[in-house]
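A short write-up of the structure that comes next.
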Amino acid sequence: MVNEMVTDKGENEHDIVIVGAGIGGLATALALHRKGFKDVVVYESSESLRVEGTAIRINMNGWRALDQLGLGPQLRDKAILIHGEEDVWIDQGRRVNLPINGEVRCLKRRDVIDALADALPPKTIRFGCKAISVEEDPQSMSPLLQLTDARVVRAKVLIGCDGLYSKVANYLGLRPTSVSAVGSVRGLTNYPKGHCFPSASIRMKRDHGVANLVGRIPINDKLVYWFVGIKMSQLDGKYPNDPELVKQETLKHVTGFPAHAIEMIAKSNVGSVSFAHLRYRLQWEIMMGKFYKGSVTVLGDAMHAMGPFLGQGGSATLEDAVVFARNMGQKILYSGQSDEGGQQIMNPERIEEAFDQYVKERRNRIIRLSLQAHLIGVILGSTSSVAKFIAVFILLTVFRDQSAHSKYDCGKL
Ligand SMILES: Cc1cc2nc3c(=O)[nH]c(=O)nc-3n(C[C@H](O)[C@H](O)[C@H](O)COP(=O)(O)OP(=O)(O)OC[C@H]3O[C@@H](n4cnc5c(N)ncnc54)[C@H](O)[C@@H]3O)c2cc1C
């Protein structure tokens, strides 16, 4: 039992504790800091900032959130503007140009994570601190976070930004995330003399084969991000993990795609190549799941893991951070009142009210996002033509404007 352990005073007691220093945890810490919350600490299991997946597409809604965090201008300098989007069915030679809503850029994940972390006050992130469980202190009702080194951290507010295998989501009673029928290989290819690709996002698709999608988005005039969709059902769910083996295995599966696509993968920097078997939170749980309990809540993938087919998981996570901090600021800070140390005073009685408003706002948004992403996942990964037909039907009837998701504005911080 956690409450039988000794809880240190001071270092192990904070107003706001965040678990996980990915995009969600860092953005939330920054948003809260900008709202005036000073005692915010992030516990991260890795020994340094973890950057998984090489690059990330940020749609217009994500840029709005980054602007609210004050990071838009510096990150815009890191990647070119994407002007077009094209789906190409390589077997039929059919090409469809899709509208791009506003600003789209593809950033190196390292740039996003570093910008978020650098904007935080020193010592906000505590590395090498892995959370193993959450409990409620029966006396004070505050959440207690147990770390692997037997330390227990007491928080007034605890936010789980711990991704796909969230311990905080477990505490809330959410089910583990489900495994998708699709895997994804990602990598970066550097063209020292410059590449000749247009500043557009291209998805080359086919109906057969283990690899049924190869996508490409330039980051700048030399660097290109690519991704390959892998039907895991055809591989008994197995794929290598070692980057060199991932690259070689992927090259086997992309035979038949255009030569420039194969060459791009062949020339990629092995260190940038990774494979992920995609996971998602079930739709009914997104609609009905309990996303907060007392003063504990979740954000980002811990709340709404979804397939990357819309390129929206990370941008939705940035929106979460802005909406969460806004509600915390509106409901919890006593306006203008601060303690002797200059720190703004929190009103703990209104924490649940703030969480309730945050979850309401976010649920409405993520129900549609995750449903749309899930339907595309079914079309790409399912072996059942009936399931694919139904998915296409729902997609075309419910989501007439397929890029409407990026018009969303999460509002002011
Ligand atoms: C193949 C693929 C492509 C994608 N492409 C895009 C894209 O183009 N655009 C987009 O917007 N989104 C994209 N996404 C989604 C996006 O990557 C995620 O939605 C986003 O990273 C979620 O951020 P997060 O902070 O919630 O979780 P994570 O990034 O997973 O961060 C979780 C952090 O918590 C830490 N942690 C985990 N457990 C513990 C613990 N017990 N104790 C302490 N720390 C812990 C981890 O080490 C990690 O640092 C993609 C996802 C995948 C899989």
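The values are calculated or read from the model by the stated rules, or taken from the named source; none is laboratory data. Owing to the predicted nature of the structure, the values given are computational and were not obtained by experimental measurement. Every residue, glycine among them, receives a Cβ derived from its backbone with ideal geometry; neighbour counts consider all protein chains shown. Accessible surface is based on the protein model in full, side chains and every heavy atom, while ligands, DNA and RNA are left aside. Shrake-Rupley method; radii C 1.70, N 1.55, O 1.52, S 1.80 Å.
Here are a few things to note about the model shown:
- Among (1) of a type outside the set (Asp, Glu); (2) more than 10 Å from the ligand (Cβ to nearest atom); (3) surrounded by fewer than 16 Cβ atoms within 10 Å (Cβ to Cβ); (4) under 18 Å from ILE125 (Cβ atoms) - the single one ARG34 does not satisfy: (3)
- Of the strands (runs of 3 or more DSSP E) that lie entirely inside segment 130-246, those containing 3 or more residues that are under 30 Å from ILE332 (Cβ atoms) and either in the same structural domain as VAL42 (by TED's automatic domain parsing) or open to solvent by less than 20 Å² (accessible area, probe 1.4 Å) (or both) span 131-136, 143-147, 152-160.
- Selection over segment 20-49 of residues that are out of contact with any strand residue (DSSP E or B) (no Cβ under 9 Å at 6 or more places or on another chain) and under 20 Å from HIS304 (Cα atoms) gives a count of 3.
- Subset of segment 288-319 [closer than 18 Å to TYR165 by Cα, of a type in the set (Asp, Glu) and more than 8 Å from the ligand (Cβ to nearest atom)]: none
- Filter result for VAL19 (open to solvent by 40 Å² or more (accessible area, probe 1.4 Å), touching a helix residue (DSSP H, G or I) at 6+ places or on another chain (Cβ under 7 Å) and within 11 Å of the ligand (Cβ to nearest atom)): no
- Members of segment 121-177 that are within 9 Å of the ligand (Cβ to nearest atom), under 19 Å from VAL40 (Cβ atoms) and free of Cβ contacts under 8 Å to residues at least 60 places away in the same chain: none
- Scanning segment 370-395 for residues that are of a type in the set (Gly, Ala, Ser) and open to solvent by less than 70 Å² (accessible area, probe 1.4 Å), we see that the one that is farthest from GLU285 (Cα to Cα) is SER384.
- Scan segment 50-78 for residues that are open to solvent by 10 Å² or more (accessible area, probe 1.4 Å) and either in contact with a His (Cβ under 7 Å, 6 or more places away or on another chain) or more than 11 Å from the ligand (Cβ to nearest atom) (or both) and the total you get is 10.
- Failed item in (1) more than 15 Å from the ligand (Cβ to nearest atom); (2) open to solvent by less than 10 Å² (accessible area, probe 1.4 Å), with CYS106 passing the rest: (1)
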